[in-house]
Amino acid sequence: MKILFIQSTPYVNRTTLVKKSRLYFVGLAPAILAALVPDVAFEVCLETIEDVNFESDADLIATSGAQSRRGRRSHQVYGARRARR
């Protein structure tokens, strides 16, 4: 089994995603989830510094940020992935 964890990026304005070359503060959720499921392949996508691989062969995809300022983007990522299946 493979899990893809996507930490979505917020928008700068209504149309432009925040993109950077590096992160200074990374959330702990991916590390905690990976530690809780040790016998599973775990891939992390930090969308602020890399593009989401919508063609991933992951069995389970988790997104973060649904209740924060990243919420709108999290829902878009989910919809885009679902449309490809």
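The values are calculated or read from the model by the stated rules, or taken from the named source; none is laboratory data. Just so we're clear, the structure is a prediction, and the values are computed from it rather than from any experiment. Please note: Cβ atoms are built from the backbone with ideal geometry, for glycine as well, and neighbour counts cover all protein chains shown.
The residue that is modelled with the highest pLDDT, among those in the range 28-53 that are surrounded by 14 or more Cβ atoms within 10 Å (Cβ to Cβ) and either under 24 Å from ARG14 (Cα atoms) or of a type in the set (Gly, Ala, Ser) (or both), is ILE49.
Here's a check for you: in the range 1-27, which residue that is at pLDDT below 85 and aromatic (Phe, Trp, Tyr) is surrounded by the most Cβ atoms within 10 Å (Cβ to Cβ)? Here the residue is TYR11. Flag set for ALA66, criterion: exposed (fewer than 15 other Cβ atoms within 10 Å of the Cβ) and at pLDDT below 70. Only residues that are exposed (fewer than 13 other Cβ atoms within 10 Å of the Cβ) and either in contact with a helix residue (DSSP H, G or I) (Cβ under 6 Å, 6 or more places away or on another chain) or modelled with pLDDT of 65 or more (or both) were counted in the range 69-85, giving 5. Summed over the range 1-11, the residues that are within 20 Å of ARG73 (Cβ to Cβ) and either hydrophobic (A, V, I, L, M, F, W, C) or assigned to a helix (DSSP H, G or I) (or both) give a count of 4. For the range 12-54, enumerate the residues that are closer than 17 Å to ALA80 by Cα and in a strand (DSSP E or B). Listed by number, the residues that qualify are LEU17, CYS45, LEU46.
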